[in-house]
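The values are calculated or read from the model by the stated rules, or taken from the named source; none is laboratory data. On a predicted model such as this, the values are computed, not experimentally measured, just so you know. Here the Cβ positions follow ideal geometry from the backbone for every residue, glycine too, while neighbour counts run over all protein chains shown. Side chains are part of the model used for accessible areas, which takes the heavy atoms of the whole protein and leaves out ligands, DNA and RNA. Shrake-Rupley method; radii C 1.70, N 1.55, O 1.52, S 1.80 Å.
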Amino acid sequence: MSRFTEPQHPDFQAINASLGFDRRLWPYDIAQSRAHAIMLASCSIITTADADELRRGLDAVAAELDGGIFVFAPGDEDIHTAIERRLTEIVGAVGGKLHTARSRNDQVATDVAMYVREAASVSSASLTGLIEVVLDLAERHRDWAMPGYTHLQRAQPVYLAHHLLAYVWMFLRDRGRFEEAVAACGTLPLGAGALAGVNFSTDRELLARELGFAAVAQNSIDAVSNRDFALDYLAAASTCAMHLSRLGAELVLWSTSEFGFCELADAWTSGSSIMPQKKNPDAAELLRAKAPRVAAHHNALLGVLHGLPLSYNKDLQEDKEHLFDAADTLAGSLAAASGMLSSVSFDRERLAAAAADEMIAAVDIADLLVRAGVPFREAHGIVAGLVRHALDSGRTLSELSDDELASHSERLDPAGFRQLLEAGSWLESKVSAGGTASARVTEQLAGARSALASPS
Ligand code: ARG
């Protein structure tokens, strides 16, 4: 029987069906259905024989889905209806008992929470792998000097290890955010029913234990409406993808002939269809361009939830494609970042030559004056004058004569000035905590390794 006298319009079915994308939830749907059958029997809501029959049927359905031989029927609106339909075909009328004390509303919320929990742990594990790759790269380039940039203008020299370690800290924070997203998935919606609870004395604690949830949702309305955990995952994914886009942007720049700082392995580049000499950093470019897509999914789900009345509304079906595409996109980007960084090679000479530009010692010269008692702001002006003078006369700073130096400031010690301009000293002088001096970078490597080892 049906309350409807008219069939659904095919265009309605097309917009309403979620099977095309939610079929990938099947492992979670089967797992929760198994647990639900066990719970129903344990609470004497169905018999043990019925529960055994349901589990046998669910195993058979799972085998078909896993083997790719499950045949979807035209009336299967979503994965939940498809599984129940097939279960009933296999075990007969007892299949209809599975949905006792359950609604698709608590069912889908549970599947999605299980999916997000898995996706967040996978992202976290991929980050652990990526961090290991970057740490190893930093280790191998501990004392390679390069220019550090602000405004993409050469600013102060740093060690390549120091620059790479900046990404390690970003990725460690990302991993922490994914672990928090895992925790946000820890409250079980199942057992909330459609929205108000169910007419049976169920054992939701048992369900939580079976399905690996830390606790049971305390409010049935919240349980079926809540998608905060999905937002948490998408927010973590957006930030992580943004970090990867900054890495991608640097790899694109650094691998140009203009910079020449690094060369990406052939495996992560492509050729041009017309210009035979080209080696394009497509993977790095895509790291850049995938990030806004992930952020858009976060924004879109926020939009779906915005102003949505309680409790379940069909709008919530729109959570899935955003989640799935964000997780898939991020997984691809993380894999590409690890692959590229495992195989990139840096050009020590090019980096060192760029870092040896004397102009980037300007702050160090100013600090020389500060040590002679000149207030920093005044020293800044004196060095700006020296830089201007050198540029105007087409010379480097070290080519200025002692008289010229004295004409800018008699507090500037020419011997100290010349010593300072001998390469290397600008890096090793950055001894403040978190600075680029070798001893600090060594400490930082150890700190990052221990942060990596400790669960976030
Ligand atoms: N496909 C639906 C979704 O993803 C399942 C829940 C349907 N519930 C309902 N009351 N129509 O949200």
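Does any residue of the range 130-143 turn out to be open to solvent by 10 Å² or more (accessible area, probe 1.4 Å) and among the small types (Gly, Ala, Ser)? Checked the range 130-143: no residue is open to solvent by 10 Å² or more (accessible area, probe 1.4 Å) and among the small types (Gly, Ala, Ser).
Can you confirm whether the range 163-179 contains a residue that is in contact with a Lys or Arg (Cβ under 7 Å, 6 or more places away or on another chain), more than 23 Å from residue 331 (Cα to Cα) and open to solvent by 10 Å² or more (accessible area, probe 1.4 Å)? No, every residue in the range 163-179 fails to be in contact with a Lys or Arg (Cβ under 7 Å, 6 or more places away or on another chain), more than 23 Å from residue 331 (Cα to Cα) and open to solvent by 10 Å² or more (accessible area, probe 1.4 Å).
Scanning the range 63-73 for residues that are away from the ligand (no atom under 16 Å from the Cβ) and open to solvent by 50 Å² or more (accessible area, probe 1.4 Å) turns up 63, 66, 67, 68, 69, 71. Mind listing whichever residues of the range 134-162 are free of Cβ contacts under 8 Å to residues at least 24 places away in the same chain and among the small types (Gly, Ala, Ser)? Residues satisfying the conditions do not exist here.
Quick check on my filter: what residues within the range 101-121 are assigned to a helix (DSSP H, G or I) and either farther than 30 Å from residue 177 by Cβ or away from the ligand (no atom under 16 Å from the Cβ) (or both)? It would help to see each step written out before you state the result.
In the first step, residues of the range 101-121 are kept if they are assigned to a helix (DSSP H, G or I); the result is 104-121.
Across the range 101-121, the qualifying residues are 104, 117, 118, 119, 120, 121.
Taking every residue in the range 171-184 that is more than 22 Å from residue 449 (Cβ to Cβ) and hydrophobic (A, V, I, L, M, F, W, C) and pairing it with any residue that is open to solvent by less than 20 Å² (accessible area, probe 1.4 Å) and at pLDDT 95 or above, at least 6 positions away or on another chain, the pairs with Cβ-Cβ distances below 6 Å are 181/120; 181/233; 181/236; 182/120; 184/229. Residues satisfying the criterion are absent from the range 84-100 (criterion: within 16 Å of the ligand (Cβ to nearest atom) and over 28 Å from residue 223 (Cβ atoms)).
Consider only pairs whose beta carbons are under 6 Å apart and that are at least six residues apart or on different chains; among these, list those whose first residue lies in the range 62-81 and is in contact (Cβ under 8 Å) with a residue 40 or more places away in the chain and whose second residue is open to solvent by 60 Å² or more (accessible area, probe 1.4 Å) and assigned to a helix (DSSP H, G or I). Every condition considered, the pairs that remain are 79/23; 80/104. Take the conditions within 16 Å of the ligand (Cβ to nearest atom), surrounded by fewer than 18 Cβ atoms within 10 Å (Cβ to Cβ) and charged (D, E, K, R) and apply them to residue 349. Does it pass? Considered against the rule, which asks whether it is within 16 Å of the ligand (Cβ to nearest atom), surrounded by fewer than 18 Cβ atoms within 10 Å (Cβ to Cβ) and charged (D, E, K, R), residue 349 comes out as no.
Each row is one residue, and each column tells you yes or no for (1) at pLDDT 90 or above; (2) surrounded by 15 or more Cβ atoms within 10 Å (Cβ to Cβ); (3) over 42 Å from the mean Cα position of the chain (by Cα).
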{"site": "353", "(1), (2), (3)": "yes, no, no"}
{"site": "382", "(1), (2), (3)": "yes, yes, yes"}
{"site": "392", "(1), (2), (3)": "yes, no, yes"}
{"site": "403", "(1), (2), (3)": "yes, no, yes"}
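In the range 89-113, of all residues being aliphatic (A, V, I, L, M) and open to solvent by 30 Å² or more (accessible area, probe 1.4 Å), the one that is nearest to residue 193 (Cα to Cα) corresponds to 93.
Of 337, 284, which residue is without any contact (Cβ under 8 Å) to a residue 60 or more places away in the chain, out of contact with any strand residue (DSSP E or B) (no Cβ under 6 Å at 6 or more places or on another chain), within 30 Å of residue 156 (Cα to Cα) and in a helix (DSSP H, G or I)? Spell out how you get there, then give the answer.
Working: 337 fails: without any contact (Cβ under 8 Å) to a residue 60 or more places away in the chain.
Step by step, each of 337, 284 is checked, and only 284 is without any contact (Cβ under 8 Å) to a residue 60 or more places away in the chain, out of contact with any strand residue (DSSP E or B) (no Cβ under 6 Å at 6 or more places or on another chain), within 30 Å of residue 156 (Cα to Cα) and in a helix (DSSP H, G or I).
If you check 210, 205 for being free of Cβ contacts under 8 Å to residues at least 12 places away in the same chain, more than 21 Å from residue 300 (Cα to Cα) and not basic (Lys, Arg), only one passes: 205.
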